[in-house]
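Enquirer: If you scroll down you'll find the structure; I have some questions about it.
Read-outs: derived from the displayed coordinates by stated rules, not from any lab. Computed from a prediction, not measured in an experiment: that's the story for all the values here. Cβ coordinates were reconstructed from backbone atoms using ideal geometry, including for glycine residues, and neighbour counts include every protein chain displayed.
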Amino acid sequence: MPHQLPDLPYAYDALEPFLNEETMHLHHDKHHAGYVKGLNEAEEKIKAAQQSGDFSAIRTLCDAVAFNYSGHLLHSLFWNNMSPAGGGEPEGELAAQINKAFGSFATFKAQFLSASNSVQGSGWGVLAWQPLRSQLVILQAEKHQNLAQWGVVTPMLVLDVWEHAYYLQYQNRRPEFTEGFFDVINWDDVATRLAAAKEND
Ligand code: MN3
């Protein structure tokens with residue numbers, strides 16, 4: 001099932017004057033659609049590589065998936081983060097969590113704006129839930145995926161390929177190290193993580 005471009009949750013002119021109809025058409029129909037297309041194309045190429053066994057393009061394909069998936073996800077959120085009936089300040093549990101993390105709504109707003117305004121190049125300001133300590137946090141994303149923290153996806157199995165993880169023993173022979181990893185993977189642990197993540201779906 002290929003990824004689909006979601007409809008806007010309101011009319012293209014619904015957010016005027018903040019965002020005009022032409023901007024929304026371009027942003028949603030061209031840019032967001034482009035990420036969905038790029039994601040589907042990259043996934044198709046990965047499928048073809050799985051069938052042929054030729055993974056020579058996997059680095060650029062992983063890059064394309066990260067960029068386009070993150071772009072698709074962030075835009076899907078972005079549209080729903082806005083409403084013609086929006087504005088004001090949060091209430092209830094969200095307000096409590098903002099106060100807990102930032103001290104006050106005013107401080108949250110100042111930090112969120114500062115983070116958003118100071119992203120280097122193209123990117124995003126992000127308020128995120130950090131499941132590790134159950135707390136709100138403000139992040140930046142460069143492009144769509146850089147500086148992201150795990151949590152939007154739940155890692156199941158990870159392998160550190162920094163040189164510090166293998167260099168003393170394997171020097172520059174990283175493939176020997178990664179191959180050896182498969183002798184020590186705890187698949188029961190991976191299975192447990194998968195079951196837990198699926199319960200949260
Ligand atoms: Mn965009």
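Enquirer: How compact is region 21-80 by the rule of thumb for globular proteins, expressed as Cα Rg over 2.2 N^0.38 Å?
Expert: Relative to the 2.2 N^0.38 Å estimate, region 21-80 comes out at 1.32.
Enquirer: Quick check on my link table: of 37/100; 30/198; 45/143; 109/198, which ones sit more than 30 Å apart, alpha carbon to alpha carbon?
Expert: 37/100; 30/198; 109/198
Enquirer: Among the chymotrypsin sites (Phe, Trp or Tyr not before Pro) within region 20-112, which fall in a DSSP loop and have no more than 13 other Cβ atoms within 10 Å of their own Cβ?
Expert: Within region 20-112, the qualifying chymotrypsin sites (Phe, Trp or Tyr not before Pro) (loop, at most 13 other Cβ atoms within 10 Å) are 55.
Enquirer: Using helices alone, what [θ] at 222 nm do you get for the chain, with -39,500 (n - 2.57) per DSSP H run of 4 or more residues, divided over all residues and rounded to the nearest 500?
Expert: After summing the helix terms and dividing by the residues of the chain, the value is -15000 deg cm²/dmol.
Enquirer: Among all stretches of the chain without exposed trypsin sites (Lys or Arg not before Pro) (DSSP loop, at most 13 other Cβ atoms within 10 Å), which one is longest?
Expert: Excluding the exposed sites themselves, the longest stretch runs over 1-132.
Enquirer: Which of 118, 195, 53 sits closest to the plus end of the dipole of the chain, meaning its Cα is farthest towards the positive end, when Lys and Arg get +1 and Asp and Glu get -1 on the C-beta?
Expert: In the chain, that residue is 118.
Enquirer: Filter the GluC sites (Glu not before Pro) in region 72-166 to those in DSSP coil with at most 16 other Cβ atoms within 10 Å of their Cβ, and list the result.
Expert: Those satisfying the criteria are 91.
Enquirer: Can you sort 24, 156 from fewest to most other Cβ atoms within 10 Å of each residue's own Cβ?
Expert: Fewest-to-most Cβ neighbours within 10 Å comes out as 156, 24.
Enquirer: Considering the Cα positions of the chain, please state its Rg to one decimal place and its Dmax as a whole number of Å.
Expert: Computed over the Cα atoms of the chain, radius of gyration and Dmax are 20.7, 61 Å.
Enquirer: Taking N as the number of residues in region 92-199, what is its alpha-carbon radius of gyration divided by 2.2 N^0.38 Å?
Expert: For region 92-199, the normalised Cα radius of gyration is 1.47.
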